[in-house]
Amino acid sequence: MFFSTMAFFILIFALLAKLAWTDHKFYLLPNVYNLSLLICYLGFHMMTKWHFVAIDKAIWGAIAGGGFLIILRAVANHVMKTDTIGFGDIKFVIAAGFGLGIPNVFLVLTIGSALGIFHGIILYMIEDRKTEENLDLSHVNVPAGVGLCIATALITLYQFNGWWRLFS
């Protein structure tokens, strides 16, 4: 049981790293990685007998996180008259919400958004130096998944701290 749980734990972080890198490089959070993340969280929870996140909180975390982003996307798309939040981001938050439960999915969204702003500033500074022009910040396209993945990794480390003690 210990090694199976450890395998799921390691896979969660490997998937988060892969998702962050893929989003940074290609502005894409592939379905296969999002689904794999959800399955790994499910496996981890089953191995730990739902010790860290109760099944109802996991389900509500997925619904609340995904639902919030769907509503936010609809409003932002209407206001901006263009696609704003990608469906990959929504699917990622559903997986993270299931893994971390409610209310921690909202911590992912909050911390991930703050990290996204920081990431956007860095991207702006890099682009500004390349072009040597005064760029408008509204033209910086920031992959939201990078900040969301980092926030999910941090909250996963905090929330599941000491999981190995369940097996001693």
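Remarks
- Loop-exposed chymotrypsin sites (Phe, Trp or Tyr not before Pro) per DSSP, neighbour cap 15 Cβ within 10 angstrom, longest uninterrupted part of the chain: 51-168
- Loop GluC sites (Glu not before Pro), region 62-167, which have at most 16 other Cβ atoms in a 10 Å radius of their Cβ (DSSP): E132, E133
- Residues in region 154-168 carry Karplus couplings, in order, of 5, 6, 4, 4, 5, 5, 9, 4, x, 4, 5, 5, 5, 9, 9 Hz; the curve used is 6.51 cos²θ - 1.76 cosθ + 1.60 with θ = phi - 60°, and Gly or Pro positions show x.
- Multiplying the residue separation of W21 and E127 by 0.36 nm and subtracting their alpha-carbon distance yields 36.3 nm.
- Normalised by residue count, the chain yields a Cα convex hull volume of 104 Å³ per residue.
- Distance between the C-alpha centres of region 9-57 and region 150-168: 13 Å, rounded to the whole angstrom.
- Options I117, F87, N134, ranked by Cα towards positive dipole end of region 1-145, top entry (Cβ charges): F87
We did not get these values from a lab; they are worked out from the coordinates using the rules stated. Please read all numbers here as calculations on a predicted model, not as lab measurements. Neighbour counts are summed over all protein chains in view; Cβ atoms, including those assigned to glycine, are modelled from backbone coordinates with ideal geometry.
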